Amino acid sequence: MSFSFLLGFLLFVGIGLWFWRDSLGAREQARAASTRACRQSGVQLLDDTVALERLWLRRDRDGRLKWERLYVFEFTDTGLRRQVGSVLLIGWRVEVLHMEGGDLLLP
């Protein structure tokens, strides 16, 4: 095993671990934002979780390249009807939170 192969492998693993940790933090931000929005709207967040729908690169307000993630979640107002909401993050910052029924929340 050559030194350059080992160095490349370690770099690849390091980038993978960084991306995994960054994704966990972003998901937690999206979950916290959706929980807060559901509590404020008087509805119940179902399954207490969010799911990643899209992932792409985008520039933030300062022009830096960051991951843009779109998470979706489900909530109910009556216990019988499921509705869908979404949280858009750039990096770990919540940009837009939308809840089915017309609620559009901007932080």
Distance (nanometres) between label positions extended 7 Å along Cα→Cβ at Leu65 and Asp47
3.3
Please give the length that would be gained between Arg54 and Leu10 if that part of the chain were fully extended, namely 0.36 nm times their separation in residues minus their C-alpha to C-alpha distance (nm, one decimal).
13.1 nm
Just need log10 I(q)/I(0) for the chain at q = 0.14, 0.20 Å⁻¹, Debye formula, equal scatterers on the alpha-carbon atoms, no solvent, rounded to two decimals.
-0.61, -0.98
Select from the stretch 19-107 those trypsin sites (Lys or Arg not before Pro) which occupy a DSSP coil region and have at most 11 other Cβ atoms within 10 Å, ordered by residue number.
Arg61, Arg64, Arg81
Could you work out how far apart the two model spin labels at Ala32 and Trp18 are, taking each label as a point 7 Å from the Cα in the direction of the beta carbon, and quote it in nm?
2.3
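Which value at 222 nm does the chain reach when only helices count, each DSSP H run of 4 or more adding -39,500 (n - 2.57), with the total divided by all residues and rounded to the nearest 500 deg cm²/dmol?
-13500 deg cm²/dmol
Coordinate-derived values only; no laboratory data. Please read these numbers as outputs of a predicted model, since none were measured by experiment. Methodologically, a virtual Cβ is constructed for each residue, glycine included, from the backbone with ideal geometry; neighbour enumeration extends over all protein chains shown.
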